[in-house]
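Asks: Mind looking over this structure? Questions follow.
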Amino acid sequence: LVFGASLLIGAIIKFGIFDVLPLVVTPGSFTHTMHLLWALLLSVNVLFHYAMGVTTNPGSHDSDIYEKLCEEAEGRGLLRNLQRKILPRPGEWSTCAKTGLPKPPRSHFDKVTKRLVLHMDHYCPWLFNTVGWANLRYYMFFQVYLVTST
């Protein structure tokens with residue numbers, strides 16, 4: 001599916017650069033060259049941020065980020081007497097009901113990927129990944145460059 005989405009994005013980029021651009025400006029002119037460079041810059045950024053959003057671990061419980069956060073919280077004594085809470089107070093650690101692991105503030109269990117994700121935003125079917133703490137930046141820039149390039 002990721003390969004298919006990448007192929008679709010590439011086909012749209014190819015159509016815009018090689019089929020539409022020559023209709024808008026005269027090929028070989030300075031304006032054409034500038035439009036071509038701008039289109040290539042946006043295309044590279046769209047593909048890069050898409051690839052990074054797909055391949056970057058969003059901050060799930062099996063990532064290095066989660067382990068470092070748990071070690072830091074344990075050092076501060078925040079992991080003592082953890083309880084399962086439906087609505088913990090802001091900044092309070094609790095225990096995840098699904099995994100039984102320590103649940104940092106603003107983290108949620110993703111039902112699609114079956115992972116506890118730090119600062120979970122949502123599961124994105126376009127990225128085939130959960131958008132969380134570690135890949136939110138790539139997701140947002142992917143959206144910005146995609147909208148800018150249209």
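Asks: Which residues, taken from the stretch 29-54, are open to solvent by 40 Å² or more (accessible area, probe 1.4 Å) and free of Cβ contacts under 8 Å to residues at least 24 places away in the same chain?
Replies: In the first step, residues of the stretch 29-54 are kept if they are open to solvent by 40 Å² or more (accessible area, probe 1.4 Å); the result is 30-31, 33-38, 40-41, 44, 47-48, 51-52.
Listed by number, the residues that qualify are 30, 31, 33, 34, 35, 36, 37, 38, 40, 41, 44, 48.
Asks: For the stretch 115-150: of the residues being of a type in the set (Val, Ile, Thr) and surrounded by 17 or more Cβ atoms within 10 Å (Cβ to Cβ), which is farthest from the chain's Cα centre (by Cα)?
Replies: Residues of the stretch 115-150 of a type in the set (Val, Ile, Thr): 117, 130-131, 144, 147-148, 150.
Filter once more, so that each one left must be surrounded by 17 or more Cβ atoms within 10 Å (Cβ to Cβ): 117, 130-131.
Details: 117: 12, 130: 7, 131: 5 Å.
Only one residue fits best here, namely 117.
Asks: Under the condition of being assigned to a loop (DSSP other than H, G, I, E, B) and open to solvent by 20 Å² or more (accessible area, probe 1.4 Å), which residue from the stretch 55-76 is nearest to residue 144 (Cα to Cα)?
Replies: Of all residues in the stretch 55-76, those assigned to a loop (DSSP other than H, G, I, E, B) come to 56-59, 61-63, 76.
After this cut, where a residue has to be open to solvent by 20 Å² or more (accessible area, probe 1.4 Å) as well, the list is 56-57, 61-62, 76.
Details: 56: 18, 57: 21, 61: 28, 62: 29, 76: 38 Å.
Among them, the one singled out is 56.
Asks: Quick one: in the stretch 13-28, which of the residues that are among the hydrophobic types (A, V, I, L, M, F, W, C) and touching a helix residue (DSSP H, G or I) at 6+ places or on another chain (Cβ under 9 Å) is surrounded by the most Cβ atoms within 10 Å (Cβ to Cβ)? Let's see the steps before the verdict.
Replies: Initial filter on the stretch 13-28 (among the hydrophobic types (A, V, I, L, M, F, W, C)): 13, 15, 17-18, 20-21, 23-25.
When the remaining residues are screened for being touching a helix residue (DSSP H, G or I) at 6+ places or on another chain (Cβ under 9 Å), the result is 13, 17, 21, 24-25.
Details: 13: 18, 17: 15, 21: 15, 24: 10, 25: 15.
Among them, the one singled out is 13.
Asks: Does any residue of the stretch 98-114 turn out to be open to solvent by less than 40 Å² (accessible area, probe 1.4 Å) and among the charged types (D, E, K, R)?
Replies: yes
Asks: Return the residue satisfying two criteria in turn: it lies in the stretch 48-79 and is modelled with pLDDT of 85 or more and among the hydrophobic types (A, V, I, L, M, F, W, C), and of such residues it is farthest from residue 96 (Cα to Cα).
Replies: For the stretch 48-79, the residue satisfying everything is 48.
The values are calculated or read from the model by the stated rules, or taken from the named source; none is laboratory data. Please read all numbers here as calculations on a predicted model, not as lab measurements. With ideal geometry, Cβ positions are generated from the backbone for all residues, glycine too; neighbour counts draw on all protein chains shown. What goes into the accessible areas is simple: the full protein's heavy atoms, side chains included, and nothing from ligands, DNA or RNA. Shrake-Rupley method; radii C 1.70, N 1.55, O 1.52, S 1.80 Å.
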